[in-house]
1. For the chain, return all DSSP H helices satisfying: extent of Cα atoms along own axis at least 20 Å; mean Kyte-Doolittle hydropathy at least -1.0.
2. How much length would be gained if the chain were fully extended between Ser157 and His197, taking 0.36 nm per residue of separation minus their Cα-Cα distance, in nm to one decimal?
3. Once a ≥ b ≥ c are taken as the square roots of the eigenvalues of the Cα gyration tensor of the stretch 71-123, is the result rounded (a/c under 1.5), prolate (a/b larger than b/c) or oblate (a/b not larger than b/c)?
4. Give the aspartates and glutamates whose C-alpha is closer than 14 Å to that of Lys84, dropping any in the same chain fewer than 8 places away, or say none.
5. Hey, what did the chain get for relative contact order, percent, Cα under 8 Å, at least 6 apart?
6. For the stretch 12-59, evaluate the Debye formula with one uniform point scatterer on each Cα (no solvent term) and list log10 I(q)/I(0) at q = 0.13, 0.20, 0.23, 0.24 Å⁻¹, rounded to two decimals.
7. Taking 7 Å along the Cα-to-C-beta vector as the label spot, tell me the Lys56-Asp224 distance in nanometres, rounded to one decimal.
8. Could you state the orientation-averaged shadow area of the convex hull built on the Cα atoms of the stretch 113-243, in nm² to one decimal?
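Taken together, the values in this text are just the output of simple stated rules run on the coordinates, not laboratory data. Since we're looking at a predicted model, the values are computed, not measured. Virtual Cβ from ideal backbone geometry, glycine too; neighbours counted across all protein chains shown.
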Amino acid sequence: MANLTEHRFVEGAQMLNALAVSTTVTLRRAAMRRGQASLVVPGGASARALFSRLAKAAIPWPLVIATLTDERWVTITDEESNEKSVREHLLTGPAKALRFVGLKSAEREPEAAENTCERRLKAVPRPFDLVILGMGVDGHIASLFPGAPGIQDALASSNPRAYQFIQPPSAQHSVRMTLTLNTLLDSRHLILLIAGHEKWQTYQHACTPGLATEMPVRGILNQDRVPVDVFWAPNLITHQKSP
């Protein structure tokens, strides 16, 4: 297995600044070479802090098409909605010009919306130019949760579906729509964004031999299709303003 993972350890808010610069360079190059750029982003507090930096970056936003790695099946006005986070923190200033493809649809249950999301995804150029992923302390990425019903199918390299609905094993988590692992890997570049010592320990564990069904992040770490950069900060102040 080729070692395609690069580790970047940057302190605190400087990690977000470094990630914003890396994302800017990737999107600018893609737009220059192909006339458009595709970006896939996660939810979460770290992503919101990154969005506030990206929104001010010198990126040719009219040439960028963005979508989400996953979505909680709630209304887009709900505080848990990843789309709400993108609209409030990324689609501001010059970045309003990007084309955003959301996942939440009129169907009440995400299982019924898989085909709708598949159709929407056709608007996003693939392979994706950049996929940014967060990671949970249980090793989940996007909404690929260990122990969730159907997780084996969602991680299978033979799975032709772009999306799969997921019911996280914990009752406190909303039912989700997520890109499958095979689709996440249909990209030119992957970035794993992690913060804090607890997640660093999770990451180290994920780098040891084991099953992706036990720690889905292994699905991106133990593959030779796409280069992966890991950005980690031991202490990340997500509310700090961009300089």
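1. Numbers: long enough: 12-34 (34 Å, 0.19).
Qualifying helices, which must be both long enough and hydrophobic enough, are 12-34.
2. Going from the current span to full extension adds 11.3 nm.
3. Oblate shape, in that a/c is at least 1.5 and b/c is the bigger or equal ratio.
4. Cross-link targets: Asp70, Glu71.
5. 26 percent
6. For the stretch 12-59 at q = 0.13, 0.20, 0.23, 0.24 Å⁻¹, log10 I(q)/I(0) is -0.30, -0.66, -0.83, -0.89.
7. Taking the simple label geometry, Lys56 and Asp224 are separated by 4.3 nm.
8. Mean projected area for the stretch 113-243: 9.2 nm², to one decimal.
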